1. Skipping prolines and chain starts, which residues have an amide H placed within reach, meaning under 5 Å, of the one on PHE508, given they are 5 or more residues away or on another chain?
2. Using 0.36 nm per residue, how much length does the chain from THR413 to LYS338 gain when fully extended, once their Cα-Cα distance is taken away?
3. What pairs in LYS264/LYS323; LYS225/LYS280; LYS5/LYS191; LYS95/LYS325; LYS309/LYS347 have C-alpha atoms more than 29 Å from each other?
4. Roughly how many whole Å is it from the C-alpha centroid of the stretch 322-358 to that of the stretch 502-535?
5. Take VAL140, VAL397, VAL249, VAL269 and order them by how many other Cβ atoms sit within 10 Å, fewest up front.
6. Sort out for me the Cα centre separation of the stretch 364-396 from the stretch 109-160, rounded to whole Å.
7. On each of the three principal axes of the Cα atoms of the stretch 439-499, give max minus min coordinate, whole Å, ordered largest first.
8. Which of the trypsin sites (Lys or Arg not before Pro) found in the stretch 321-384 are in a DSSP loop and have at most 11 neighbouring Cβ atoms, other than their own, within 10 Å?
Amino acid sequence: MITTKYIFVTGGVTSSLGKGIVSASLAKLLQARGFKVTIQKLDPYINVDPGTLNPYEHGECYVTNDGAETDLDLGHYERFLNTPTSQANNVTTGKIYQTVIEKERKGDYLGKTVQVIPHITDEIKRRIKILGQQYQYDFVITEIGGTVGDIESTPYIEAVRQLKWELGQNSLVIHLTLLPYLSSTGELKTKPTQHSVKMLLEHGVQPDIIVCRTEHKINDDIRKKIALFCNVSKEAVIEAIDARSIYEVPLLMEQEKLDEVVLKKLNVVADQKPDLSKWKEFLNTLYTSEKQVDIALVGKYVELKDSYKSIAEAFIHAGVQNKCKVNIHWIHSEKINKENVRSILSKVKAILVAPGFGNRGIEGKIIAIEYARKNNIPFLGICLGMQCAVIEFARNVLNYEDANSREMNPATTHPVIDLLESQKKIDYMGGTMRLGSYPCELKENTLAYKIYNQKIIYERHRHRYEFNNEYMDAFAEKGMVFSGMNPEKGLVEIIELKDHPFFIGVQFHPEYKSTVENPHPLFVHFVKSALEQNG
Ligand code: GLN
């Protein structure tokens, strides 16, 4: 155990350079040396959390065990580190202001004028330090969202300046920038990096390490030039070249000695080199597997693939476990109808129907599920996908013609998916769904039991509506199996069908728990079942 060290990761030049992946990769290297590490994301937007954001805005909303609706970068942190994150790992400007304003209303500021400095910056600093203090991490890596120079990220940069001063040797700033490549002259340009470091300096922050995102290798001259103009040592200029897979980045960072430079600058002596043997094995299988399998992902946000980030990553993990590559066919549910369903889905060996909210695209999902059910095609329905499977069964097997979820048709005579009494009284949208980890008890001799091979499992939720238990007997009579139930509340968590190679719907989100080291068993078996269809 060492005194907690705080590492800040800022970004310059453009957004989307991969601060999350660089942070997760550094964390992986430190963890692989035996340190206890966590990563935190500070998001400068004013929403309290991304739970109420449309996926087109920010991609998927990731859910932690303790029910926080968070930025999708937290998914990367968990997938890389194989340790759960929590509420404390994602802080937004909305949350900061909410806390400060509540304190002001309670009179906690004793008549003082409440200001960005020191009150907002103090609250930002408290949220950063809390991870080290409460959970006793060796390293807390804090990623500051946005780009240096953005008006809304200024208080965060100011908090970093103050913390650097307070923590001295126990803190360090990594600045991630872009080296654009000019193809006409065949040159990598350093000027934008120099400018963005100047901008950081204007805020009083001197970066200790510069990580340069680049399409081409950087030579010694470029390293020297950046070192000279940005006041860092040459070893502290790190190349982050585009990688084939995000999972290669920890190895690239190791080659560049990012972890060694960090440890040296923080005066930490490590007893061991990073042990990345399992990671390398994973990557090797990922890059060398020749077998391929085609699986459809039917959803309504498919134009923005980040909307289904965790599902796509879970397929990569499950593919590696099955020594194959999963080719995801991104299929827009609004484009599916009874006439074209066969031609659209005949190319795939399995069908996943995605989570979602609202009516748009729902009928296409139901048609896809009918096709999977009737043609013995492996099917996995997640959350809304499971609810659609219930609706499909109600309409086409039980002949409840207008069966629906009350979310889609409040006037349906067969609300097979409905709100619980406790949800009916809620009129606030933010943070009021069934969120986070809940137990689920599995029924023996079911496919779900065979897959998980245990009685009680824990999975994460994010939904308002539930299977309506009044219909349970009618469904069971016609062959639907309720193979997973919440033991306390009797809520349906997993449905499946007998006499089908693989037909499973889950009310929870298995994708959130799939990591490189622990690929999720549902995805692993789903991919396996798809491979079996290959013949
Ligand atoms: N819209 C559905 C509900 O609220 C499903 C949510 C989801 O797929 N995450 O219950």
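1. Here CYS383 satisfy the definition.
2. On the way: separation 75, 0.36 × 75 = 27.00 nm, distance 2.37 nm.
This chain segment gains 24.6 nm when fully extended.
3. The pairs that break the limit, which is 29 Å between Cα atoms, are LYS264/LYS323; LYS225/LYS280; LYS5/LYS191; LYS95/LYS325.
4. The two parts, judged by their Cα centres, are 15 Å apart.
5. Values: VAL140 25, VAL397 16, VAL249 22, VAL269 7.
Fewest to most other Cβ atoms nearby, the residues stand as VAL269, VAL397, VAL249, VAL140.
6. 46
7. Answer, in whole Å and largest first: 30, 27, 17 Å.
8. Listed in order of number, the matching sites are LYS338, LYS347.
Since every read-out is calculated from the coordinates, none of them should be taken as a lab result. All values derive from a computational prediction rather than experimental measurement. A quick note on method: Cβ atoms are made from the backbone with ideal geometry, for glycine too, and the neighbour counts reach across all protein chains shown.
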